[in-house]
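Below: one structure, written as structure tokens.
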Amino acid sequence: MLEVDINADLGEGFGPWKMGEDEQLMQLISSANIACGFHAGDPSIMRNTLLRAKELGIDAGAHVGFPDLVGFGRRRMMIDPQTLCDLVLYQLAAISGMAEMIGHPIRLMSFHGALGNMIAEDEELATPLVAAVAAFNPELVIKSSLSPCIRNAAARCGGIKVETVFHADREYDEQGLLVSRKLPGAVIHDNQKVMQRVSQFLHEGTAKTIAGNTITIPARSILVHGDNAGAVELARAIREEVIRLGGKVVPLSKLSSTLG
């Protein structure tokens with residue numbers, strides 16, 4: 001049977017400011033990427049999101065980024081690797097401690113925004129950061145785009161598990177990396193077009209690049225960006241498409257099947 005994880009970036013508000021429709025999204029997804037307070041989020045939002053994830057039985061993941069609330073973590077920052085490792089470890093420790101107290105441990109982690117893009121394309125930067133995650137908790141699963149840099153770094157530090165995630169609403173380049181948000185069309189806002197991409201992925205395990213070529217995406221998980229308009233409708237449509245194909249939506253930690 002087809003099994004697919006649907007995950008979304010959540011907990012990205014701050015104080016009284018709300019970002020996205022987290023409550024509705026969490027009823028449709030199977031894994032949550034929870035902001036850890038640096039690019040977005042705060043302790044109360046983290047706690048509440050973790051509690052809801054536990055109630056709904058969905059995987060909880062740490063979504064770590066640059067210390068950049070103003071830029072939502074989407075601006076590149078030149079920080080030396082050791083300091084950057086410390087910043088990542090700080091975020092992992094904060095959300096993991098809260099998750100352990102709640103009784104719903106963190107199973108996954110991903111690098112947000114500009115940090116994720118930089119690691120995906122630079123193995124020299126990916127190596128110490130992936131090693132830091134492995135040293136913190138080798139049982140964590142790193143979720144990423146189609147990045148040889150991250151996979152090579154994981155293999156080099158003992159083989160911490162890496163899961164490729166299909167980005168339904170983002171354009172790919174020819175290497176399978178995400179196209180810069182600075183370029184027109186990098187983020188796909190037309191849900192009909194997004195669903196065409198999802199259908200192709202579910203049936204063939206492939207995606208079209210921004211140049212129109214076909215590449216293989218060896219993923220078992222589909223990402224919906226929670227801060228995008230229409231994210232709830234998109235998550236619902238993806239879930240319905242999986243079910244229509246005779247499959248089911250399953251948390252990433254419990255997946256057994258492959259696509260493609």
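Whether any residue in region 160-171 is more than 14 Å from the chain's Cα centre (by Cα) and either surrounded by fewer than 17 Cβ atoms within 10 Å (Cβ to Cβ) or under 18 Å from Leu129 (Cα atoms) (or both) is what I want to check. Full working, then the answer.
So in region 160-171, the residues more than 14 Å from the chain's Cα centre (by Cα) come out as 160-161, 171.
After this cut, where a residue has to be either surrounded by fewer than 17 Cβ atoms within 10 Å (Cβ to Cβ) or under 18 Å from Leu129 (Cα atoms) (or both) as well, the list is 160-161.
Yes: region 160-171 contains one or more residues that are more than 14 Å from the chain's Cα centre (by Cα) and either surrounded by fewer than 17 Cβ atoms within 10 Å (Cβ to Cβ) or under 18 Å from Leu129 (Cα atoms) (or both).
Condition test on Met77, is it at pLDDT below 95, outside any helix (DSSP H, G or I) and either under 19 Å from Ser144 (Cα atoms) or not charged (D, E, K, R) (or both)? First the steps, then the outcome.
Numbers: at pLDDT below 95: no; outside any helix (DSSP H, G or I): yes; either under 19 Å from Ser144 (Cα atoms) or not charged (D, E, K, R) (or both): yes.
No.
For region 195-260, list the strands (runs of 3 or more DSSP E) that sit wholly inside it and hold at least 2 residues that are within 20 Å of Lys143 (Cα to Cα) and over 17 Å from the mean Cα position of the chain (by Cα); which are they? I'd like the intermediate steps shown before the answer.
On the way: elements: 206-208, 214-216, 221-224.
Result: 206-208, 214-216.
All but one of (1) at pLDDT below 95; (2) surrounded by fewer than 19 Cβ atoms within 10 Å (Cβ to Cβ) hold for Gly57, so report the exception by its number.
(1) is the only condition that Gly57 fails.
One residue is enough: does region 181-198 have a residue meeting the conditions in contact with a His (Cβ under 8 Å, 6 or more places away or on another chain), at negative phi, of a type outside the set (A, V, I, L, M) and in contact (Cβ under 8 Å) with a residue 60 or more places away in the chain?
Scanning region 181-198 turns up no residue that is in contact with a His (Cβ under 8 Å, 6 or more places away or on another chain), at negative phi, of a type outside the set (A, V, I, L, M) and in contact (Cβ under 8 Å) with a residue 60 or more places away in the chain.
For region 105-113, does any single residue satisfy the condition of being out of contact with any Lys or Arg (no Cβ under 8 Å at 6 or more places or on another chain), surrounded by 23 or more Cβ atoms within 10 Å (Cβ to Cβ) and among the aromatic types (Phe, Trp, Tyr)?
Yes, the conditions are met somewhere in region 105-113.
Among the residues of region 25-48, which ones are polar (S, T, N, Q), out of contact with any His (no Cβ under 6 Å at 6 or more places or on another chain) and either modelled with pLDDT under 95 or surrounded by 24 or more Cβ atoms within 10 Å (Cβ to Cβ) (or both)? Outline the logic, then answer.
At the first step, the residues of region 25-48 found to be polar (S, T, N, Q) are 27, 30-31, 33, 44, 48.
When the remaining residues are screened for being out of contact with any His (no Cβ under 6 Å at 6 or more places or on another chain), the result is 27, 30-31, 44, 48.
Result: Ser30, Ser31.
Do you know which residues across region 1-38 are assigned to a loop (DSSP other than H, G, I, E, B), over 14 Å from the mean Cα position of the chain (by Cα) and in contact (Cβ under 8 Å) with a residue 60 or more places away in the chain?
Going residue by residue through region 1-38, those that are assigned to a loop (DSSP other than H, G, I, E, B) are 1-2, 11-13, 15-16, 18-21, 27-30, 36-38.
This time we only want the ones that are over 14 Å from the mean Cα position of the chain (by Cα), so: 1-2, 13, 15-16, 18-21, 27-28, 37-38.
Met1, Leu2, Met19, Gly20, Glu21, Leu28, listed by residue number.
Regarding region 159-176, can at least one residue be identified that is more than 30 Å from Phe136 (Cα to Cα), among the polar types (S, T, N, Q) and touching a residue at least 40 places away in the same chain (Cβ under 8 Å)?
No, region 159-176 contains no residue that is more than 30 Å from Phe136 (Cα to Cα), among the polar types (S, T, N, Q) and touching a residue at least 40 places away in the same chain (Cβ under 8 Å).
Taking the condition of being in contact with a strand residue (DSSP E or B) (Cβ under 8 Å, 6 or more places away or on another chain) and at pLDDT below 95, how many residues in region 10-21 meet it?
Here the count works out to 1.
crowded, with 20+ Cβ neighbours inside 10 Å, out of contact with any strand residue (DSSP E or B) (no Cβ under 9 Å at 6 or more places or on another chain) and on the phi < 0 side of the Ramachandran plot: which single residue out of Cys149, Cys157 fits that description? Quick ask: steps written out before the conclusion?
On the way: Cys157 fails: crowded, with 20+ Cβ neighbours inside 10 Å.
Within the list Cys149, Cys157, the selection yields Cys149.
Tell me which residues, restricted to region 36-90, are of a type in the set (Lys, Arg) and over 26 Å from Ile119 (Cα atoms).
Going through region 36-90, the residues of a type in the set (Lys, Arg) turn out to be 47, 52, 54, 74-76.
Those that are of a type in the set (Lys, Arg) and over 26 Å from Ile119 (Cα atoms): Arg47, Arg52, Lys54.
The values are calculated or read from the model by the stated rules, or taken from the named source; none is laboratory data. Please read these numbers as outputs of a predicted model, since none were measured by experiment. Cβ coordinates were reconstructed from backbone atoms using ideal geometry, including for glycine residues, and neighbour counts include every protein chain displayed.
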